[in-house]
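Read through the structure below, which is laid out as structure tokens, and then see the notes.
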Amino acid sequence: MTASPPSSDHARRLALCLLPAYPLLAIAGAVSHRQIFALLALALLLTVLLLPAMLARRAAAWLSWCAVLTGLLLVWMRGFADLLLEAVPVLINVLLAIWFGRTLVTAEPLVERFIIAIEGAERLQQPGVAAYARQLTWFWTLLLGAQALLLTVLLLCADHGGLLQRFGVASPLQVPERWAAAWLHLGCYALLGVAFLLEYLYRRWRLRHLSHPGLHDMMLQLALHWPQLVRGKRVMPS
């Protein structure tokens, strides 16, 4: 009998388990200046993004994985894997800022989708929730946009590996390379994690007249419903 593919929930949990290795490989590449670590970090990130579809045996996902991995190998052979890796945090923050920001001009800001996925649509009818959802969408838009700008400055101005120095342009700001690398590959993600935790605590205080799901349950629901949230579909809590 042919084994059935893993469930989508199981595949997403497996992908999330692999994700913590990404910053470790990225930092190893920045510290050792060995591009093999940058290549492995990029390959891991690609695998995490496509793993649920690959485990579901979708041919398009496997073809995309092979094609992008081949491109990464070519980039590595030409000595640009580290540059591509350093651009990843900038791209992530830019895309997330756009994702949050573009929903502010609609009737359903992004945080409302999160609330529906975790607690149900009726939660938005409770006092203060809808207004807070829009304010929180603004918060994440501004934070992510500001961090994308900061990361761009670090990428350009790092004193031994910044883009300006690589292209022979004098940098107006000298940033120690190890500090730039640490923030690009670890600090920027730590900031988002801390901001997420502090916002959760603030929300429990500000909306203390309401009950709130536990932090573990909230993160699990977001992880399980991530693809639907990205596509903008309304998701009812599991």
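Computed from the coordinates by the stated procedures, all read-outs in this text should not be read as laboratory data. Quick caveat, the model's predicted, so the values are computed rather than measured. As a convention, Cβ positions derive from the backbone with ideal geometry for all residues, glycine included, and neighbour counts pool all protein chains shown.
Tabulated data
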| read-out | value |
| --- | --- |
| Leu14 paired with Phe196, simple spin-label distance in nm, labels 7 Å along Cα-to-beta-carbon | 2.2 nm |
| Added length on full extension, which subtracts the Cα-Cα distance from 0.36 nm per residue, Val153 to Tyr132 | 4.4 nm |
| Backbone HN-Hα couplings from phi across the range 166-176 [Karplus 6.51/-1.76/1.60, Hz, Gly and Pro as x] | 4, 9, x, 9, 5, 7, x, 9, 9, 10, x |
| 37 °C / 0.692 mPa s Stokes-Einstein diffusion coefficient of the range 144-214, Kirkwood radius on C-alpha pairs, µm²/s | 231 µm²/s |
| Contour minus Cα-Cα distance for Arg204 and Ala56 (0.36 nm per residue) | 49.5 nm |
| Cα gyration tensor category, rounded, prolate or oblate, for the range 54-161 with a/c compared to 1.5 | oblate |
| Label-zone membership for the range 38-60, site Ala67, 7 angstrom Cα→C-beta point, backbone N under 13 Å | 59-60 |
| Three-way shape label, the range 23-75, alpha-carbon gyration tensor, a/c 1.5 | oblate |
| Estimated inter-spin distance, Ala21 and Ile98, nm [label 7 Å along Cα→Cβ] | 3.0 nm |
